[in-house]
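As structure tokens, the structure follows; a few thoughts come after it.
The values are calculated or read from the model by the stated rules, or taken from the named source; none is laboratory data. Every value quoted in this text rests on a predicted model; they were computed, and no experiment measured them. We place every Cβ from the backbone using ideal geometry, glycine too, and count neighbours over all the protein chains shown.
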Amino acid sequence: MVINLTEKKPMQDKRKIFLDSNIVIYAYRNDETNKQQKAKQLFAEKNITISTQVLQETANTLSRKFKTDFHIISLLLEECVRNVYIQKGYPKKLNLF
């Protein structure tokens, strides 16, 4: 079960939307459809960014908490890497305004 994210967009706007591992997991899981729909809407936004830490947390949560097969986790992470901007670690500075 792999979600279909939007195609990768260039980072033209300097404003970034950072997604947490919970959002990635909600987009993947089918057990809370309201949250899944909202998470997928966030993925459709421009300038989506996920940190490498979020990818690690997502893989860990899917593996340990949801007992998801490693092949499925790998497919999900590959799709994230193809479709969003990946920030190494945490951002050094957040511009809130």
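Identify all residues within the range 29-52 that are in contact with a strand residue (DSSP E or B) (Cβ under 9 Å, 6 or more places away or on another chain) and assigned to a helix (DSSP H, G or I); write none if there are none.
Taking the range 29-52 as the starting set, the residues that turn out to be in contact with a strand residue (DSSP E or B) (Cβ under 9 Å, 6 or more places away or on another chain) are 42, 45-52.
Hits for the range 29-52 are 42, 52.
Which of the residues spanning the range 79-88 are surrounded by 12 or more Cβ atoms within 10 Å (Cβ to Cβ) and over 23 Å from residue 32 (Cβ atoms)?
In the first step, residues of the range 79-88 are kept if they are surrounded by 12 or more Cβ atoms within 10 Å (Cβ to Cβ); the result is 79-81, 83-87.
Those that are surrounded by 12 or more Cβ atoms within 10 Å (Cβ to Cβ) and over 23 Å from residue 32 (Cβ atoms): 81, 85, 86, 87.
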Can you find a residue in the range 5-20 that is out of contact with any helix residue (DSSP H, G or I) (no Cβ under 8 Å at 6 or more places or on another chain), part of a helix (DSSP H, G or I) and either at pLDDT 90 or above or loosely packed, with under 15 Cβ neighbours inside 10 Å (or both)?
no
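Yes/no matrix, rows are residues, columns are (1) hydrophobic (A, V, I, L, M, F, W, C); (2) modelled with pLDDT of 95 or more:
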residue: 41; (1), (2): no, no
residue: 49; (1), (2): no, no
residue: 61; (1), (2): no, yes
residue: 64; (1), (2): no, yes
residue: 83; (1), (2): no, no
residue: 87; (1), (2): no, no
residue: 94; (1), (2): yes, no
Please go through the range 53-84 and give me each residue that is within 15 Å of residue 27 (Cα to Cα) and assigned to a loop (DSSP other than H, G, I, E, B), ordered by number.
66, 68, 84
Condition first: more than 13 Å from residue 22 (Cα to Cα) and surrounded by 18 or more Cβ atoms within 10 Å (Cβ to Cβ). Now tell me which residues in the range 52-78 satisfy that.
68, 73, 76
